[in-house]
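Take a look at the structure below.
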Amino acid sequence: MRPIWSLFPLLFGTLLLLRSLAADDDRFIRTLTVTRNFSLGRPVKPAFTPDGGTVLFLRSGPRDARQSLYGFNVGTGITREILTGAQLAGNGTEQLSAEEKARRERQRITVGGIVGFECAPDGIHLLVPFSGRLYWFNRTNGVVRELAVPGPVIDPRLSPDGTRVAYVRDHDLWVWNLGNHHATHVTQGGSESVTHGEAEFVAQEEMYRSQGYWWSPDGRRLLFEESDAREVEVWRVGDPMRPEKTAAPQSYPRPGHPNVRVRLGLVSVSGGSVTWISWDRERYPYFTKADWHESGGLTIAVQTRDQRELAVLRVDPRTGGTSPLVIERDAAWVNLDATMPHWLKDGRRFLWTTERSGGWELELRETNDRPARVLVPRSCGWRGLVRVDDAAGEVWFQASTDPTEQHLWRVSLDGGPCRSVTETPGIQTAVVARQGGRRVVTSAAPEHLAESVVSEADGTELGRLPSVAEEPGFVPRAEFVRVGAGEGYHAKIVRPREFVSGRRYPVIVDVYGGPHAQVVTRTLASSLVDQWIADQGFVVVAMDGRGTPGRGRDWERAIAGRLGVEPLAGQVEALTALGARFPELDLARVGITGWSFGGYLSVYAVLRRPEVFRAAVAGAPVTDWEDYDTHYTERYLGLLPGAAAAYKENSCLTFAGDLSRPLLSRATRVAAAPRAC
């Protein structure tokens, strides 16, 4: 369950319940909604061309969710629009297949127009999918031509040499030859229940894996996933925005029920016989990742259903046989890192991340069974891999010892101290060119919304990717504090801009509280709605408790079996500490609101602790964990039927003790549950 930050405007419907408090001026909320939290018009998905001379990126208008493709020339500092949806298809309107709509929902893509592109090795040609069709664009002369590929297609990707395009059509894998314009039907027999080349639901939603096939380094073969959903429950999900439409069937795996059965095959780009990869699929039913590296060969990562063991296996592409490379275990669960393993060009060394020491570390490992060497210790606060520059012998990564921030760092492959590249308070993300250290750093800070700066390796600024986004016109009054005994809690307080000292204010708790996400971050965007609510006469507070990321293994694993119990206890403890420290907080008048896991925790809080939380507004809450998906829910609550008590204790539908009656009918919760958060 990941928060749908890109769907933030949908939450504003609940916020309009407060509109009566600001009847004279709702322009800010209207503007916030139509600009998607002031995100429209800002550069997204920056990518360097292979030579590092151009930064390609996507951008919409300030109130138009249709994106176009732009290029920033590093040498001249000039940005120009190079391709629009209208150039591809008349008025630029898309017609998306059901499969593509589902993929975009899983990837949290809510904009239209050009939403993706892939640069060929020559740096000149781009593969651009649009409305289920494929276009080949020459960015030097501006010529664009549609490939005569029958559609609609999903998930198109270029071969390593840029001469072919693989894609999925009608649940089978196809390959288009860019030289002779010929399509090859590579896999056979795909259907709605048995698909080839498509990632299954839980892989897309929970494993950070949206792809279901992989090119071999020489471009002659493909590894593909076969997903068999014939044993999975089928639910029919209605569209509340289109109640007149027939409810659509969806294979949805619930805790304690069958998952999709996955196997992996190797096939030639010209089709023919399939070599099936062999591993213990009963022990490791989850397939989480594949990597086919020119030097490191083919590896796959597989996981037990209880997610307490992860195995990385080397694959012999000739026979399909496998042998273990890494086995990772955890008494609670093993977190997935979609970037690992990462092979170095020498083919005998690879990078690996682990939490065995109690926090994330980056290791350098060798295939000759030599002891692993730690490159990034847990004290650095590892967040994720950005780029490995083999030529320079450096690893670029994101890290921070402060969970409210994130910065760009680098470290030598030979070891030595980690070096911070960015230090400005806020959340920094980065894209680094293949070689040389040229980079785009996107910075979201307490004083400004996201800005993207292009720099040389030495930090010299080369220019900025221009934004046309609207600005909110004010900076929220957010104060960041740490409260509570022992480890304490990171918290945020947003007071009215016309705050009156000595006055006591009702409190609104802005909550997420669950895995993989935080609400206490030093960014302006995260406090905009909080400031608007505060200006209506409240003090808004937010706290990140146990279960949230960035504070080590034990902090995150504290929610094992206690998915609602522990986060709620943390919110109450932190709220009490805030009230003791800041007398303007009237803890006799506390409301709570959140979205997704925050919606669940809001419902759970007002039902379990009504003496603390007097009201709740919940967006997209999970009300019964037995109706959520397997990979997420079983990770935290365990396997049924053995973990039935944990499911009951953490459910919103029943009280503990003598108030154990259902709060919603089965029909109501089944209708609501399939909507993924």
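Relative contact order (percent) for segment 510-558, with alpha-carbon contacts under 8 angstrom and 6 or more residues of separation?
Working: 56 pairs, mean separation 21.2, N = 49.
Over segment 510-558, the number comes to 43 percent.
Let me spell out the model: positive unit charges on the Cβ of Lys and Arg, negative unit charges on the Cβ of Asp and Glu, origin at the Cα centre of segment 255-390. What dipole size does that give, in debye rounded to 20?
On the way: 20 positive and 18 negative charges, 31 e Å.
Charge dipole, segment 255-390, about its Cα centre: 140 debye, nearest 20.
Run the accessible area of segment 83-182 with a 1.4 Å probe and give the carbon-and-sulfur part as a rounded percent. Before the final figure, lay out the partial values.
On the way: 2090 of 4090 Å².
That share works out to 51 percent.
Suppose a student asked you for the relative contact order of the chain, using Cα pairs under 8 Å spaced at least 6 residues apart; what percent would you report?
On the way: 1535 pairs, mean separation 62.0, N = 677.
Reported relative contact order: 9 percent.
Residue farthest toward the positive end of the dipole of the chain, with Cβ of Lys/Arg at +1 and Asp/Glu at -1: which of Val511, Gln536, Gly547?
Gln536
Could you state the principal axis extents of the C-alpha atoms in the chain, from the largest down, to the nearest angstrom?
Taking max minus min along each principal axis of the Cα atoms, the chain gives 75, 61, 60 Å.
Quick one: which of 398-409, 137-148 comes out on top by average Cβ neighbours within 10 Å, and what's the full order, highest first? Please report the intermediate quantities before stating the final value.
Details: 398-409: 20.4, 137-148: 13.7.
The peptides rank, most packed first, as 398-409, 137-148.
As an exercise, identify the chymotrypsin sites (Phe, Trp or Tyr not before Pro) in segment 448-498 lying in DSSP coil whose Cβ has no more than 16 other Cβ atoms within 10 Å.
Here the sparse-neighbourhood loop sites are Phe474.
What is the distance in Å between the Cα centres of segment 553-630 and segment 351-381?
So the two Cα centres are separated by 35 Å.
Hey, can you rank 341-354, 532-545, 198-211 by average C-beta count inside 10 Å, highest first? Could the numbers behind the result be given before it?
Details: 341-354: 18.2, 532-545: 23.9, 198-211: 21.0.
Most protected by this proxy first, the peptides run 532-545, 198-211, 341-354.
Could you tell me how far the Cα centroid of segment 117-171 sits from the Cα centroid of segment 400-467, in Å?
Segment 400-467 and segment 117-171 have Cα centres spaced 31 Å from each other.
Tell me, what % of the accessible area of segment 526-584 is carbon and sulfur with a 1.4 angstrom probe?
Values: 820 of 1560 Å².
The value for segment 526-584 is 52 percent carbon and sulfur by accessible area.
At a Förster radius of 22 Å, what calculated FRET efficiency corresponds to the Cβ-Cβ distance of Ser412 and Glu461, to the nearest 0.05?
On the way: r = 25 Å, r/R0 = 1.12.
Efficiency, from the Cβ-Cβ distance: 0.35.
What dipole magnitude, in Debye to the nearest 20, does segment 257-313 give about its Cα centre under +1 on Lys/Arg Cβ and -1 on Asp/Glu Cβ?
Values: 7 positive and 6 negative charges, 45 e Å.
Charge dipole of segment 257-313: 220 debye, to the nearest 20.
Which value at 222 nm does the chain reach when only helices count, each DSSP H run of 4 or more adding -39,500 (n - 2.57), with the total divided by all residues and rounded to the nearest 500 deg cm²/dmol? Mind dumping the intermediate values first?
Details: 12 runs with 93 residues, N = 677.
Rounded to the nearest 500, the figure is -3500 deg cm²/dmol.
Given Leu344, Thr195, Thr404, which one lies farthest toward the positive end of the charge dipole of the chain, if we put +1 on the Cβ of every Lys and Arg and -1 on the Cβ of every Asp and Glu?
Value computed over the given set: Thr404.
Between beta-carbons, use under 12 Å as the cut-off and find the net charge around Arg63, counting Lys and Arg +1, Asp and Glu -1.
Numbers: positive: Arg30, Arg36, Arg66; negative: Asp64, Glu470.
It works out to a net charge of +1.
Cβ neighbours within 10 Å, averaged per peptide: list 73-79, 60-66 in order, most packed at the top.
On the way: 73-79: 13.1, 60-66: 16.9.
Ranking the peptides 73-79, 60-66 by packing returns 60-66, 73-79.
Over segment 520-642, calculate the relative contact order: mean separation of alpha carbon pairs under 8 Å at least 6 apart, over the residue count, as a percent.
Values: 133 pairs, mean separation 23.2, N = 123.
Averaging sequence separation for qualifying contacts and normalising by length gives 19 percent for segment 520-642.
Keeping all protein chains in place, calculate the accessible area per residue for segment 340-407 (probe 1.4 angstrom), answer in Å². If you can, show how the numbers build up before the last one.
On the way: 2730 Å² over 68 residues.
Solvent-accessible surface per residue comes out at 40 Å².
Past the 28 Å Cα-Cα mark, which pairs from Lys492/Lys648; Lys45/Lys101; Lys245/Lys648; Lys45/Lys289; Lys101/Lys648? Write out the running numbers ahead of the final one.
Values: Lys492/Lys648 32 Å; Lys45/Lys101 20 Å; Lys245/Lys648 34 Å; Lys45/Lys289 22 Å; Lys101/Lys648 34 Å.
Too far apart for the 28 Å limit: Lys492/Lys648; Lys245/Lys648; Lys101/Lys648.
Out of the total accessible area of segment 327-440 (probe 1.4 Å, heavy atoms of protein only), what percent is carbon and sulfur? Let's see the in-between values first.
Numbers: 2150 of 4850 Å².
That share works out to 44 percent.
If you place +1 on the Cβ of every Lys and Arg, -1 on the Cβ of every Asp and Glu, and leave all else neutral, what size is the dipole of the chain about its Cα centre, to the nearest 20 Debye? Intermediate values should be presented prior to the final figure.
Details: 80 positive and 81 negative charges, 98 e Å.
I would put it at about 480 debye.
So which helices of the chain fit the span-like rule, where a helix is a whole DSSP H run, its Cα atoms reach 20 Å or more along the axis, and its mean Kyte-Doolittle is at least -1.0? Can you show the working numbers first?
On the way: long enough: 565-581 (24 Å, 0.52).
Helices meeting the criterion: 565-581.
Taking amide H atoms as placed 1.01 Å from N in the peptide plane, list the residues 5 or more away in sequence, or in a different chain, whose amide H sits under 5 Å from that of Ile592.
Here the answer is Val509, Ala615, Ala616, Val617, since their amide H atoms fall under 5 Å of that of Ile592.
The values are calculated or read from the model by the stated rules, or taken from the named source; none is laboratory data. Note that the structure is predicted; figures quoted are calculated from it, not measured. All Cβ positions, glycine included, derive from the backbone under ideal geometry; neighbour counts span all protein chains shown. Just the protein is used for accessible areas: all its heavy atoms, side chains included, with ligands, DNA and RNA removed. Shrake-Rupley method; radii C 1.70, N 1.55, O 1.52, S 1.80 Å.
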